[in-house]
Each structure stands twice: as structure tokens, then as C-alpha cells.
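I have placed the structure first, in the form of C-alpha cells, so that the comments after it can refer back to it.
The values are calculated or read from the model by the stated rules, or taken from the named source; none is laboratory data. Quantities reported herein were computed from a predicted structural model and do not represent experimental measurements. Positions of Cβ are backbone-derived with ideal geometry, glycine not excepted, and every protein chain shown enters the neighbour counts. Note: accessible area is taken over every heavy atom of the protein model, side chains too, but ligands, DNA and RNA are not part of it. Shrake-Rupley method; radii C 1.70, N 1.55, O 1.52, S 1.80 Å.
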Amino acid sequence: MLNFFKNTEKTQKQSYFPELDGLRGIAVLFVLMFHLNETGFMKGGFIGVDMFFVISGFIMTKILYLSIEHHQFSYRAFIVARVARLYPALICVLIVSLVVGYFIYTPDYYINSAKSGFSALLSYSNWFFAKGIGYWDLEQITDPFLHTWSLGIELQFYLVWPVIMLFFIRVLPQNFWLILVFLLIILASIGLSYFFGTMQNNATLAFFSTFSRIFEFTIGGLLVIYQQNFSKINQRMTTTIISEIIIIVALCFLVFSAMYFDKNTLTYPNWISVLIVIATVFCINNAAQARYSGWILRNKIMLGIGLLSYSIYLVHWPLIVFVRYIFNDIDGAVMYSGIIAIILLLSLLLYIGVENRYRRLKILDVQSSIVSLWYLSIFIVLISTQYIIYVKGFPNRAKFQMPQEIEALLRGYAEIGIPSGYTVIGDTTQEPTFIVAGDSYARQYMQSFDVLLKNKNLSAYFFNRPACSYIQDIKAAWRYDVKECIKEQENFYQLIQEKQLPIIYIQRFGHFLPFKQKSFIDNESQLYLSEIAYLTRYEENLKMLLNDVSSNIIIFNAQPDYYFDARDIFRRNMYDKEYLKRFTYHPYNVAMQNALGNNLLDRVLSQTNRVVEYVDILGIFCNSDAVNQCRVLDEQQIPLYSDGSHLSVNGINYVWQKIEPQLSNFIDKNTNRH
């Protein structure tokens with residue numbers, strides 16, 4: 001196989017730079033290992049994408065700089081070449097993945113993949129995914145086209161970069177201006193990354209935004225200007241000994257970063273990504289002069305992987321997603337080895353059959369039958385993705401059909417029209433005598449409370465907003481409605497001070513369980529809180545709430561939250577009764593959930609002199625004989641969840657039957673006092 005690459009058009013060029021392909025090989029291996037197991041030994045392997053951006057910035061800037069300097073530049077030819085280089089293999093992967101999705105995906109997931117496939121084809125998938133909760137949002141990690149976000153950024157870079165280069169080389173020919181502009185772009189991009197991630201509390205936008213990533217391309221481009229205009233200085237900095245040291249240090253740093261950084265390392269990109277970019281630049285600049293350490297980048301194995309890197313990148317994620325979707329997880333050395341072998345085989349086939357064969361495709365030659373087929377393929381993807389969305393994911397596929405009464409039980413609070421925000425529930429002709437407040441975990445019970453209060457001819461103020469704690473000075477940072485949450489916090493505290501009404505408080509206290517560090521911000525300072533600071537702050541402010549309010553309070557703890565979609569797993573296995581019986585209970589770290597939330601409640605309640613009632617939701621799910629096993633399905637094997645953490649209609653009914661007597665008694669006791 002390695003001998004095959006010797007005869008490609010690319011490797012036979014006189015200007016071929018083998019070390020770049022070796023660096024691509026390292027980058028794609030980082031990404032592959034990370035996606036196979038994001039908590040494994042390459043848990044920081046996502047830095048491979050940063051390396052790809054630097055390499056692209058270097059190569060594209062060099063092509064543009066030399067062609068503009070020699071008056072050979074054509075914007076149309078440049079864009080056509082980039083599209084021909086990237087799109088044939090991308091379209092092939094899109095078509096195959098959509099076909100596979102038809103046979104395995106439930107309608108909801110098939111619709112999501114169609115939407116993202118459409119965005120990938122039009123090269124705006126980074127902005128499409130920026131609208132989600134985050135890179136590890138449940139819907140996104142089951143999307144076979146999530147990885148195309150980086151291709152979207154690359155294509156957007158290709159569209160704009162030639163214009164910038166052309167203007168500052170032709171109109172302002174002195175290199176000083178070009179260097180100055182590059183430096184300003186780098187500073188602005190890093191500044192925007194900080195602004196999006198820290199000041200706007202939107203780590204997702206910081207991660208996916210073209211503006212917060214452009215500095216990585218630009219630093220790669222800055223190396224070209226340095227090499228072309230400061231060659232004498234560069235010669236002194238690239239002697240054999242210096243290059244050997246630089247390559248060893250840079251590669252060791254990159255490997256260290258891939259092994260020890262993880263997805264919870266600050267808001268990404270950040271200062272660490274700047275160091276990764278600089279290390280990549282040193283590798284590009286010094287590898288050719290490093291006779292011994294440079295061999296790491298130009299040995300045959302790494303060159304082969306590097307030449308296949310684009311095909312590997314396209315193939316690996318859909319395959320991993322499909323395997324996880326079918327088997328629910330990837331586990332064991334045999335399974336990992338098999339997946340890697342299949343990825344390499346499919347990548348080789350894609351490279352030989354599509355990527356390398358059509359890398360010089362003359363896409364403007366509409367008379368060519370191959371080009372006509374290429375345009376037809378684009379049309380097929382465009383139409384098929386929209387049709388999948390239009391028909392709602394082909395819900396009539398026999399494999400996924402289920403009785404309407406069960407379908408209704410699987411719906412979540414958002415799907416049954418429960419609004420977010422402040423309202424009055426119950427018998428609205430009566431003056432409210434209670435306050436119900438909380439995040440989305442309160443929202444899911446809204447209809448049940450409404451019915452209960454109507455039956456008692458009572459009403460209540462109802463505050464609910466997703467990821468809003470209703471504890472002063474604390475706000476989840478992975479949502480975008482910070483101002484709305486702060487406003488509702490103020491309204492809530494004003495109301496309880498004025499009315500002194502009994503409070504029913506329903507909150508997900510264990511936010512740090514799935515999101516770990518940097519999940520919360522201080523409203524005043526806008527700074528992230530560490531896990532300990534969060535728990536301390538929450539505890540202090542919960543005490544303040546209890547001390548400030550003289551009326552009675554009843555507090556719910558939270559149900560377990562899982563890193564999978566129980567409803568979707570049920571759809572795929574609804575006719576396999578034995579599997580559903582085994583799936584009824586699922587492993588769950590109850591101790592961790594308690595440590596990050598419920599124990600906090602226990603401490604606060606033990607330190608207050610007043611009596612606060614407690615509704616043990618976690619105990620309803622996890623009160624089983626098996627240790628650390630909690631319910632996912634009810635006794636009839638119907639899901640209790642509508643997603644990875646929120647209850648379905650069935651789950652709400654299941655819980656409400658068990659807690660309604662306690663709530664009804666609390667309401668009756670407090671009503672009699674007024």
C-alpha cells in the first residue's frame with residue numbers, strides 16, 4: 001500500500017513537502033483516537049483540528065502569495081480548485097451516510113442528520129452546530145456529519161482569504177502592511193474567542209465560530225511571509241541542531257497536549273490552542289532540516305496516513321457514530337481494533353476511488369460526463385436532505401412504527417407545549433397562594449401541578465426557565481439566555497419578599513455531573529466558578545433563601561440523568577422484549593449525583609432551624625436491589641425519559657403517582673393556614 005503513494009500526482013511533484021503529510025498523519029490520528037474514546041489516552045486529540053487549520057493556512061497562503069506575486073492569480077481558478085479538492089469525497093460520504101441512516105436511524109435522528117448533511121454540503125455546518133448546546137450535546141454526538149464543522153470553516157476561509165491577500169499585496173505592496181493585517185486578524189480572532197467563550201458565556205459559539213478560529217489559519221499564513229521575506233534569519237533558525245531540538249520539543253508538546261488536555265480544559269480555543277498552533281508552526285518550519293527527529297514526520301507509515309488523512313477524517317466519524325448507535329457503545333480492544341481497520345480500509349478505497357482520482361476535476365466543464373455526474377450527486381444530496389425533513393424522517397418505516405398511545409407517552413415537556421418562563425397555573429380566577437419555581441426539571445411537572453391546583457380551586461405563580469437556578473448569583477453558562485434568567489431571578493426574589501407564599505422548589509442540583517468544570521458563572525463578575533466554588537456558593541445562597549423566607553418550603557431533588565437517549569434506544573428495540581427487560585435498570589453513579597447535589601441539600605437542611613419538606617425523586621428511580629442501578633423504563637418497559645435527562649409523559653405520570661399525596665398534603669396544610 002505504501003508503494004502506491006509514491007506514484008500519486010501529489011507525491012511526484014518537485015515541490016512536494018512530505019513533512020506536511022506526516023504532520024497531517026499525526027493530526028488525524030489524534031482526532032481518530034479522541035473520537036473513539038474521548039476519555040481515553042488521547043482525550044485531548046481534538047487539537048488535531050487546530051493543527052489542520054494551521055497547515056491549511058500555511059499551504060493556502062503560500063499558494064496565494066506566490067501566484068499573486070507572479071501575477072498568475074485567478075480567484076475563480078483558486079476556488080474551483082479548492083471545491084474540486086474537497087467536495088467529491090465529501091459528497092460520496094454524505095450520500096453513503098444518508099443511505100445507512102435510512103436503515104438504522106429513528107425518524108428524529110434521521111431528520112437531524114439530514115439537516116446537518118444539508119449544512120455540510122453548503123459549507124456552513126459550523127454555524128449549524130453552533131446553535132446546539134455544545135459539541136457533546138446528545139443530538140450532536142449521534143450526528144454522522146458533526147465533524148464537517150471544520151470543513152465549513154475551511155471553505156469559508158478559502159472564500160475570504162484570497163481577497164485579503166490580493167488587496168494587501170497589490171494595493172499596498174509593502175509586506176509591512178500585510179504582516180500588520182495578519183497580526184491584527186490574529187489578535188482580533190483570539191479576542192473574539194475570549195469574548196464568545198468567557199464574556200458571552202457561549203463556549204459553543206467560541207468553539208464553532210469561524211471568527212474565533214481564523215487566527216489558527218493566519219498564524220500558518222504568517223509563517224509563509226516570514227519564510228519569503230526573512231530567509232536569512234530563518235536559515236540561522238533552521239540549522240540542523242536547532243531544528244532537531246525544536247522538532248523534538250514541539251512534537252513532545254503536541255503529544256502531551258493530546259494526552260493530558262481534555263474537552264473540559266477551559267473554554268476552547270484558548271491560550272493552550274495558541275501554544276498548539278505555535279508548536280505546529282515550528283514543526284512545519286523546521287521538519288525538513290531535522291535529519292533524525294524529522295524522520296518521525298517523513299517515515300513511510302506516517303506519510304501514508306497523512307496522504308489518507310482527508311479520507312480518514314471524512315470516514316471515521318460516521319462509522320464511529322453508526323457503530324455506537326447500533327451497539328450503544330464501543331468497548332474492548334477487539335472492537336476498537338476492528339473499527340480502526342475498517343476506517344483505514346474505507347479511507348483507502350475513498351482515496352483511490354474518489355479523492356485522488358478527482359482532485360483535479362474540472363468542475364466548470366459541464367460537457368464532461370463525470371462533471372455532470374458530480375452535479376447530479378450534489379442535486380441528489382440537496383433534494384434528499386430536504387425530502388427527509390419534509391416527510392419527517394420516514395416515520396412509516398415498519399421497523400420504527402409503534403402504537404399511537406405509546407408514542408404519546410414518549411413525548412417530552414417541550415413536545416406537549418409546556419412554555420418556558422413566568423406564568424400563573426391552576427384556577428386563574430383565584431389569587432395565587434403558592435410559588436412553584438425551578439429549571440427545566442420544574443417545567444416537566446407544570447401540567448400535573450396545573451391539574452392538581454384546579455381540582456383544589458387554587459392557583460400558583462410558576463417560574464421555570466431551562467438551566468436557570470433561581471438561586472441568586474448562580475447561572476448555568478452553557479445556555480444563552482443569561483439576561484432572561486437574571487431577570488426572572490430578580491422577579492422571583494421580589495415576589496417571595498412581597499407575598500411570603502409557600503414555595504415548591506424543583507431544581508437539578510447536580511449540573512456538574514455531566515458538564516464537570518466551568519459550567520457556571522457568577523452573574524456579577526461574569527467569571528466561571530470552579531466545582532467547589534459553585535457548591536459553596538450554591539449552599540450559601542440556598543441558606544439565604546431559607547432564612548429570608550418565613551413561609552414553608554418543599555424541595556425536590558433530581559432524577560438521574562444519562563448520557564444516552566432512552567427513548568431512541570426503545571424505538572430501536574421495542575420488539576425485543578428480553579433486551580428491554582435487561583435495559584429497565586441502567587448503571588448510574590448515585591454517590592456522584594448525591595455528592596454534586598443532593599448532599600448539598602442535606603447539609604443545608606441540617607443546618608437550618610426550620611422544617612423543610614423534601615421530595616426524594618432520586619429514590620423513586622434508584623430504590624432498587626442492585627447497587628448503582630436506576631430505572632430507565634417502567635414495569636411495562638416503556639421509557640421514563642424523553643431524552644438523556646428529562647422525563648417523558650410516561651415518566652412524569654410514573655413519578656407524579658408517587659409524589660402527589662405528599663404534594664397534596666403540603667398544599668392542604670398551607671392552604672388551611674391562610
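Scan segment 58-111 residue by residue and report those that are among the hydroxyl-bearing types (Ser, Thr, Tyr) and either part of a helix (DSSP H, G or I) or within 25 Å of residue 19 (Cα to Cα) (or both).
61, 65, 67, 75, 87, 97, 102, 109, 110
For residues that are part of a helix (DSSP H, G or I) and under 17 Å from residue 45 (Cβ atoms), scanning just segment 325-341, find the one that is least open to solvent (accessible area, probe 1.4 Å).
339
Would you check if there is a residue in segment 327-336 being within 30 Å of the chain's Cα centre (by Cα), among the polar types (S, T, N, Q) and on the phi > 0 side of the Ramachandran plot?
So far as segment 327-336 goes, yes, one or more of its residues are within 30 Å of the chain's Cα centre (by Cα), among the polar types (S, T, N, Q) and on the phi > 0 side of the Ramachandran plot.
If I filter segment 34-84 down to residues being open to solvent by 30 Å² or more (accessible area, probe 1.4 Å) and of a type in the set (Asp, Glu), which single residue comes out as modelled with the highest pLDDT?
69
In segment 360-405, how many are open to solvent by less than 40 Å² (accessible area, probe 1.4 Å) and of a type in the set (A, V, I, L, M, F, W, C)?
So the answer is 10.
For segment 342-359, which residues satisfy the criterion of being in a helix (DSSP H, G or I) and open to solvent by 50 Å² or more (accessible area, probe 1.4 Å)?
Within segment 342-359, 342, 344, 345, 346, 349, 352 qualify.
Could you tell me which of the residues 643, 634 is acidic (Asp, Glu) and open to solvent by 20 Å² or more (accessible area, probe 1.4 Å)?
None of the other options fit; the residue is 643.
Would it be correct to say that residue 182 is more than 26 Å from residue 98 (Cβ to Cβ), hydrophobic (A, V, I, L, M, F, W, C) and at pLDDT 90 or above?
Considered against the rule, which asks whether it is more than 26 Å from residue 98 (Cβ to Cβ), hydrophobic (A, V, I, L, M, F, W, C) and at pLDDT 90 or above, residue 182 comes out as yes.
Among the residues of segment 240-259, is any at pLDDT below 90, more than 20 Å from the chain's Cα centre (by Cα) and over 20 Å from residue 51 (Cβ atoms)?
Yes, because at least one residue in segment 240-259 is at pLDDT below 90, more than 20 Å from the chain's Cα centre (by Cα) and over 20 Å from residue 51 (Cβ atoms).
Of the conditions (1) in a helix (DSSP H, G or I); (2) in contact with an Asp or Glu (Cβ under 8 Å, 6 or more places away or on another chain); (3) surrounded by fewer than 23 Cβ atoms within 10 Å (Cβ to Cβ), residue 321 fails just one. Which one is it?
The single condition residue 321 does not satisfy is (3).
A quick yes/no check of all residues on (1) assigned to a helix (DSSP H, G or I); (2) buried (at least 22 other Cβ atoms within 10 Å of the Cβ); (3) under 25 Å from the mean Cα position of the chain (by Cα); (4) of a type in the set (Lys, Arg):
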position	(1), (2), (3), (4)
120	yes, yes, yes, no
192	yes, no, yes, no
195	yes, no, yes, no
211	no, no, yes, no
215	yes, yes, yes, no
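Of these, 284, 312, 272, which one is of a type in the set (A, V, I, L, M, F, W, C), surrounded by 21 or more Cβ atoms within 10 Å (Cβ to Cβ) and within 19 Å of residue 220 (Cα to Cα)?
284
Is it fair to say residue 254 is open to solvent by 30 Å² or more (accessible area, probe 1.4 Å) and either assigned to a helix (DSSP H, G or I) or over 28 Å from residue 152 (Cβ atoms) (or both)?
In short, no.
If residue 174 satisfies every condition in (1) open to solvent by less than 40 Å² (accessible area, probe 1.4 Å); (2) of a type in the set (S, T, N, Q); (3) under 28 Å from residue 69 (Cβ atoms) but one, which is the exception?
Every condition holds for residue 174 apart from (1).
List pairs: first in segment 351-379 and on the phi > 0 side of the Ramachandran plot, second of a type in the set (Val, Ile, Thr) and surrounded by 12 or more Cβ atoms within 10 Å (Cβ to Cβ), Cβ under 9 Å, 6+ apart or cross-chain?
Cβ pairs passing all conditions: none.
Identify, by number, the condition in (1) modelled with pLDDT of 90 or more; (2) touching a Phe, Trp or Tyr at 6+ places or on another chain (Cβ under 9 Å) that residue 330 doesn't meet.
Looking at each condition in turn, residue 330 falls short on (1).
Which one is modelled with the lowest pLDDT among residues in segment 131-151 that are buried (at least 21 other Cβ atoms within 10 Å of the Cβ) and aliphatic (A, V, I, L, M)?
146
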